[in-house]
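Have a look at the structure below before the remarks.
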Amino acid sequence: MKQPLTFCSPVIAALMLGAPVAHADVTPQEVWESWLSQMEPFGYEVSATETQMGNDLEISDLVMNIVIPEEDGSVEVSMPGFTFVDKGDGTVALEMPAIYPIVAKFSGDGEEGQVNINYNTTGLSMVASGEPDAINYAYSAASVEMSVGEIMAEGQTMNLGDISVTMVNANGNSLISGTELMSSDQEFSADQLILNVDVKDPMGSEEGAIINATLNDVTFDSLTAFPMAMDPEDFGKAMAQGLAMDFGLAHNGADIAFDINADGERVSGTQNAASGEFGLAFDAEGFALSQQAFDAAVSMQVPDLPFPVSYELGEASMEISVPLAMADEEQDFKLAVTLADFAVPDMLWSVFDPTEQLPRDPATVSFDVTGTVKILADLFAPEAMMMDEPGELHSVSINDIHVSMVGAELTGAGAFTFDNTDKVSFDGMPRPEGSVELSLTGGNALMDKAVAMGLASEEDVMGARMMMGMFTVPGEGEDSLKSTIEVNAEGHVMANGMRLK
């Protein structure tokens with residue numbers, strides 16, 4: 001399905017979004033019309049019964065429908081309704097039942113289905129303020145729970161089990177503003193975000209999954225812009241019109257327990273982390289993704305092993321940013337990955353190294369690469385998919401390479417430029433020019449230990465040492481090697497001044 005906000009009706013969105021605004025005056029009718037306008041860019045058809053009750057507005061029999069042309073189908077979401085209450089001070093309160101059923105009906109490719117969703121709240125308060133073209137929704141709730149109820153497919157009721165998401169002590173604000181380009185500025189926090197899954201094969205087999213996950217001290221913020229004239233089926237055009245998102249999620253503790261039985265094999269275990277962050281941003285100019293987790297621990301029981309597989313990780317992080325816009329000038333990109341302080345218990349070490357030949361210090365693997373590219377076509381246009389090379393690589397900077405494990409350490413850094421007019425010298429790849437400097441310590445000692453452990457023969461190690469001798473020179477310390485790999489303007493590849501190509 002291409003619609004990213006299928007269930008993001010204003011009723012549900014107001015519980016997930018946020019950002020403050022100065023108070024002015026809004027009426028129940030203006031708040032309702034603002035909610036309706038949020039559905040237009042995504043192609044929703046909304047119907048409801050509006051009943052004026054003094055200064056208040058009651059909405060009942062609410063139905064949202066969207067057509068899915070590529071599947072010759074549609075999605076229809078129906079809700080019982082709610083009431084916009086004029087508080088008499090220029091603000092409007094939303095009142096809705098604590099038990100709020102939602103029904104989603106699907107049709108497509110000649111098939112039909114239905115999912116009943118239970119949306120239950122405790123102590124919910126939601127107030128709209130501001131002005132018609134900039135309305136802020138402030139909300140809080142002691143708990144918010146969304147769970148999957150009855151599921152129907154092909155005319156039969158399916159019993160999958162229990163699936164629920166619960167937020168505890170949720171607070172937030174959501175500022176919706178703009179006319180031609182509508183923006184949603186959001187902030188959200190919750191003491192806990194809890195996921196419970198206990199599903200089984202409706203056909204009666206032993207397959208199923210149990211997942212219990214809890215995130216503590218959750219914070220969420222996002223800034224989203226979407227054009228009112230957006231065509232949901234043309235993502236590239238929507239991006240050109242201003243579609244954009246900047247999303248962030250963070251927590252101060254995650255605990256996950258799982259037990260999954262699939263394809264006749266069972267995997268169970270636990271995962272936890274002291275803290276973590278996730279970020280996603282995109283607009284017409286570029287895309288960025290980032291993720292971090294700190295002080296993580298994993299323990300799993302997997303098939304064919306009589307003992308659990310477990311490890312600890314001090315940091316796991318990733319950062320990616322790439323340009324998307326077609327341009328004549330070069331644009332920056334980045335790729336960085338870090339897996340730091342990776343450690344496994346002695347019991348697992350003893351399987352591979354029973355005589356304790358290898359140092360068991362935590363391992364680290366990281367690299368940081370930046371560079372520039374030229375984007376030669378609109379990447380979302382159909383013709384771009386037909387191009388062999390919609391972009392050109394112009395430079396790469398290896399800012400850092402660091403691999404440290406089992407007593408050996410490899411580091412490196414360097415930079416290259418690329419000549420896209422010469423794709424003959426390197427078999428279709430643009431010709432590089434530049435160098436990278438590498439340093440290895442502990443390599444010879446590691447090979448000696450591999451022989452002592454029976455992982456390699458003396459002949460194997462001798463061949464490896466001869467190969468290393470061709471590419472390296474002695475470093476400054478004991479058991480230290482270094483190498484400078486260079487590609488010059490003529491396309492010659494050299495190692496420490498000796499030509500290899």
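Some points to look at:
- Per-residue extension of 0.36 nm, minus the Cα-Cα distance of Ser60 and Met429, leaves a gain of 126.6 nm for this segment.
- Inter-label distance, Asp109 to Glu76: 2.2 nm, where each label sits 7 Å from its Cα along the C-beta direction.
- In order through the range 331-348: 3J(HN,Hα) via Karplus (6.51 cos²θ - 1.76 cosθ + 1.60), integer Hz, x for Gly, Pro: 10, 7, 9, 8, 9, 9, 9, 9, 10, 10, 6, 7, 9, 10, x, 4, 4, 6
- A simple packing score, the average count of other Cβ atoms within 10 Å per residue, orders the peptides 366-372, 489-495, 44-50 as 366-372, 44-50, 489-495, with the highest score first.
- Relative contact order (percent, whole number), the range 80-193, Cα cutoff 8 Å, 6+ residue spacing: 19 percent
- In this structure, Asp263 and Leu376 have a Cβ-Cβ separation that, at R0 = 45 Å, corresponds to a calculated FRET efficiency of about 0.55.
- Helix content alone sets the calculated 222 nm mean residue ellipticity of the chain: runs of n ≥ 4 DSSP H residues at -39500 (n - 2.57) each, divided across all residues, give -3000 deg cm²/dmol.
- Percent accessible area from carbon and sulfur atoms, the range 294-350, protein chains only, probe 1.4 Å: 60 percent
- Inter-part distance, the range 67-132 to the range 358-414, computed on C-alpha centroids, equals 44 Å.
- Put a dot 7 Å past the Cα of Thr270, heading toward its Cβ, do the same for Ser125, and the two dots end up 3.7 nm apart.
- Carbon and sulfur %, accessible surface of the range 93-162 computed with the full protein complex present, 1.4 Å: 50 percent
- Cα-based Rg of the range 269-319 normalised by 2.2 N^0.38 Å, two decimals: 1.59
- Amide H contacts of Met182 (H built 1.01 Å from N, in plane; Pro and chain starts excluded): Phe226, Met228 sit under 5 Å, all sequence-distant by 5 or more or on other chains.
- Centroid-to-centroid separation of the range 230-282 and the range 472-501 [C-alpha atoms, Å]: 43 Å
- Relative contact order for the chain, counting Cα pairs under 8 Å that sit 6 or more residues apart, in percent: 7 percent
- Straight-line cross-link reach from Lys423 at under 19 Å between alpha-carbon atoms covers these lysines, not counting any fewer than eight positions away in the same chain: Lys374, Lys501.
- Gain upon complete extension [Ser147, Val351; 0.36 nm per residue less C-alpha separation]: 69.0 nm
- From phi via Karplus (6.51, -1.76, 1.60), per-residue ³J(HN,Hα) for the range 126-134 in Hz, x at Gly/Pro: 9, 10, 9, 8, x, 9, x, 9, 7
- Rg and Dmax of the chain, both derived from C-alpha coordinates alone, stand at 29.0, 93 Å.
- Extension reserve of the Ser299-Asp231 stretch, reckoned as 0.36 nm per residue once the Cα distance is removed: 19.9 nm
- Here the range 253-276 is scanned for amide nitrogen atoms under 18 Å from the site 7 Å beyond the Cα of Phe247 along Cα-to-Cβ, giving 276.
- Across the range 306-313, rounded Karplus estimates of 3J(HN,Hα) from the backbone phi angles (6.51 cos²θ - 1.76 cosθ + 1.60, θ = phi - 60°) give x, 10, x, 9, 9, 7, 10, 9 Hz, Gly and Pro being marked x.
- Qualifying lysines (Cα of each under 24 Å from Cα of Lys105; at least 8 residues distant if same chain): Lys2, Lys200
- Probing with 1.4 Å while keeping every protein chain in the model, the per residue accessible area of the range 311-420 equals 55 Å².
- Per-residue SASA entry for Lys87, accessible area with 1.4 Å probe, Å² rounded to 10: 100 Å²
The values are calculated or read from the model by the stated rules, or taken from the named source; none is laboratory data. Remember, it's a predicted structure, so these values are computed and weren't measured experimentally. Methodologically, a virtual Cβ is constructed for each residue, glycine included, from the backbone with ideal geometry; neighbour enumeration extends over all protein chains shown. For the accessible areas, the whole protein counts, side chains as well, though only heavy atoms, and no ligand, DNA or RNA atoms are used. Shrake-Rupley method; radii C 1.70, N 1.55, O 1.52, S 1.80 Å.
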